[in-house]
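Participant: Below you will find the structure I want to go over with you.
Just so you know, all these numbers are worked out from the coordinates, no wet-lab data involved. Since we're looking at a predicted model, the values are computed, not measured. Please note: Cβ atoms are built from the backbone with ideal geometry, for glycine as well, and neighbour counts cover all protein chains shown.
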Amino acid sequence: MVPDGCIDIIFFGNSTRPAAKVFGSILKSQYFLYDCDNVDYFGVRIPPGYMFGDIKCPIRDLIDQSFDFEELFEGNYRIVEKIANEPCFAKKVNLFNQTIGQSVYKNEKTPALINHSLKMIYSSKGKINIPCWQILWDARLEI
């Protein structure tokens, strides 16, 4: 996983061991390994500036943390089973969109500095550092 500000939801397993993990925005790259043969993975990336309507903790508490899906999305274990057992990728996408995806929304209150910083990161392909952001902010460039 790469530190890009996204929240990742990884569904994995098979009919005997369906599971899902939620990975908050990480601060440095990490590997995620799951020890089990014959396992399919399905991941969903939630970009910066988006929120969940029915998550059990503030998004800021997810930074550099991982949780079992059930810890954050209480009562949604059946969707984990359905996604893990569905062999068709397109149907996995539809299952997610029709359930958990319904609660994802754009946070219209994202501060201007964060939006501007994200644009700078993307346009520089990640080759910008925090002191550069501070210089841009201090110069009061148009955001």
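Participant: Near Lys21, which lysines are there with a Cα under 24 Å away, not counting those fewer than 8 places off in the same chain?
Facilitator: The reachable lysines, counting only those whose Cα sits under 24 Å from Lys21, are Lys56, Lys82, Lys91, Lys92, Lys106.
Participant: Can you classify segment 1-85 as rounded, prolate or oblate using the Cα gyration tensor, where a ≥ b ≥ c are the square roots of its eigenvalues, rounded means a/c under 1.5, and otherwise it's prolate if a/b beats b/c and oblate if not? Intermediate results must be reported in sequence, preceding the final value.
Facilitator: On the way: a/c = 2.20, a/b = 1.33, b/c = 1.65.
Oblate shape, in that a/c is at least 1.5 and b/c is the bigger or equal ratio.
Participant: Gln30: net charge of surrounding residues, Cβ under 13 Å, Lys/Arg +1, Asp/Glu -1, itself excluded?
Facilitator: Details: positive: Lys21, Lys28; negative: Asp4, Asp8, Asp64.
Result for the neighbourhood of Gln30: -1.
Participant: Still on this structure: If you rank Ile100, Ile59 by fewest surrounding Cβ atoms within 10 Å, what's the result? List each step's numbers first, then the result.
Facilitator: Working: Ile100 24, Ile59 16.
Placing the least packed residue first, the sequence is Ile59, Ile100.
Participant: Relative to the present Cα-Cα distance, how much length would full extension add between Gln98 and Glu81 at 0.36 nm per residue of separation? Mind showing how you got there, number by number?
Facilitator: Numbers: separation 17, 0.36 × 17 = 6.12 nm, distance 1.47 nm.
Working it through step by step, the gained length comes to 4.6 nm.
Participant: Between beta-carbons, use under 12 Å as the cut-off and find the net charge around Phe42, counting Lys and Arg +1, Asp and Glu -1. Spell out each step's value before the answer.
Facilitator: Details: positive: Lys21, Arg45, Lys82, Lys91, Lys92; negative: Asp8, Asp40, Glu86.
The answer is +2.
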